[in-house]
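Quick note: the coordinates plus some simple rules give every number you see, no bench work behind them. Predicted model only: the values in this text are computed from it and were never measured. Every residue, glycine as well, gets a Cβ built from its backbone with ideal geometry; the counts of neighbours run over all protein chains shown.
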Amino acid sequence: MDKLIKSISTSGAFRAYVLDSTETVRTAQEKHNTLSSSTVALGRTLIANQILAANQKGDSKVTVKVIGDSSFGHVISVADTNGHVKGYIQNAGVDIKKTATGEVLVGPFMGNGHFVVITDYGTGRPYTSTTPLVSGEIGEDLAFYLTESEQTPSAVGLNVLLDENDKVKTAGGFMLQVLPGATEEEIMRYEKRIQNMPSISSLLESDDHIEALLKAIYGEDDYKVLSEEEINFYCDCTRERFEGALTTLGKADLQEMKDQDHGAEIVCQFCGKKYQFNETDLEEMINDKA
Ligand SMILES: [Zn+2]
C-alpha cells in the first residue's frame with residue numbers, strides 16, 4: 001500500500017510531504033506496458049500529481065500535463081483529494097539508457113515545453129496555471145512551478161527506480177516548503193541540508209525510504225507527522241461515461257459503426273480498459289436519437 005506522509009517542523013516554519021509511490025507506478029507500468037524511459041517519465045509525473053493533489057483541500061481534482069516537444073509526446077495525469085491518481089504517456093515505448101551506467105534518460109526526451117496544472121475545485125470553473133519546463137526531469141519542473149506559480153519556495157525530489165528487467169523497483173519522493181515566518185538562519189540551515197543530502201535515488205534504495213527521506217530533510221531539527229494518507233493508481237472510468245460519449249456522435253456516424261464495423265470498441269487512455277459496444281447497443285443509441 002502506497003502512502004503520503006504530511007509533516008511539519010516543530011518550529012512551524014517548514015513542511016514536508018514524503019511519498020512511497022511504488023505500487024502506483026508499478027500499476028501504471030502494467031496497464032500501459034511502458035518501456036524504461038517512458039515508465040520513469042510517467043511515474044515521476046504521477047508522483048508530482050500526488051504531491052499537488054495532497055496540497056489541495058476539499059473535494060478537488062488536479063490535472064498535470066507535461067507538454068514536451070520530444071520523444072515522449074505529452075504526459076497527462078489526473079489526481080483527486082482522495083488519494084487516487086491516473087495517467088498515461090503518449091509514447092509508451094521510449095527506452096533510452098546511458099551505455100556506461102545503464103542510467104535511464106528522461107529530460108532530453110521530454111524536450112522543451114510546458115508544465116500545466118489545472119485545478120478543479122468542483123465549481124465547474126477550473127483554474128489553469130502554466131510554467132515552462134526547466135529540465136523535463138519533472139521534479140525540477142514541479143519545484144519551479146510551486147516556487148513561481150504558487151509563490152511558495154519549494155524543493156522537490158522524486159524518482160522511479162527500475163530493476164534489471166526494467167520493472168518498477170521503488171518509486172517515491174518528497175516536497176519541502178518554506179512557510180511564512182521562517183527565519184533567515186533556519187532557511188539557510190535547511191537549504192544547506194537539502195543541497196548536501198544524498199541523491200533521491202540512493203534514498204529510495206533505503207530499506208525504509210520514508211524514514212530515510214524524513215531524516216534527510218529534517219536532520220537534527222524536530223518535526224511532527226500531521227497525517228498519513230493512502231495513495232494509489234485508480235481509474236474512475238465507467239461504461240456509462242463512454243456510452244455517453246458515443247451518443248454525442250451523429251446518427252450517421254453511429255449507423256456507419258453499426259453497418260461497417262458491426263460494433264465499437266473504446267479504450268480508456270488512462271487505464272487501457274476496453275469497452276465493447278455491439279450492434280444492438282448501437283441500434284439502441286440510434287433509436288434514442290430518432
Ligand atoms: Zn480507465
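In summary, the convex hull built on the alpha carbon positions of the chain has an orientation-averaged projected area of 17.6 nm². Among the helices of the chain, those built from whole DSSP H runs whose Cα atoms reach 20 Å or more along their own axis and whose mean Kyte-Doolittle hydropathy is at least -1.0 are 36-54.
Checking the Cα-Cα distances for 31/57; 65/273; 57/97 against a 31 Å cut-off, the pairs over it are 57/97. Selection among 267, 246, 278 by position relative to the dipole of the range 232-290 gives 267 as farthest towards the positive end (Cβ unit charges, Cα centre).
Straight distance only, please: which lysines reach the Cα of residue 98 with their own Cα at less than 25 Å, same-chain residues fewer than 8 apart left out? Output for residue 98: 167, 169. Using +1 at the C-beta of Lys and Arg and -1 at the C-beta of Asp and Glu, which of 10, 198, 94 has the Cα lying farthest in the positive direction of the dipole of the range 2-233? The one lying farthest along the dipole's positive direction is 94. Shape annotation for the range 239-289: C-alpha extents along the principal axes are 30, 19, 15 Å, from largest to smallest.
Can you run the Rg to Rh ratio on the range 1-89? Use alpha carbon positions and the Kirkwood inverse-distance Rh. Could you put the intermediate results ahead of the total?
Numbers: Rg = 14.0 Å, Rh = 13.8 Å.
On the Cα set of the range 1-89, Rg over Rh gives 1.02.
If the reach is capped at under 19 angstrom between alpha carbons, list the lysines near residue 215, excluding any in the same chain fewer than eight residues apart. Reachable lysines: 3, 6, 192, 224. Rounded to the nearest 500, the 222 nm mean residue ellipticity of the chain from helices alone is -10000 deg cm²/dmol, with -39,500 (n - 2.57) taken per DSSP H run of at least 4 residues. As a proxy for reagent exposure, 147, 128, 170, 101 were ordered by neighbouring Cβ count within 10 angstrom, fewest first; the result is 101, 128, 147, 170.
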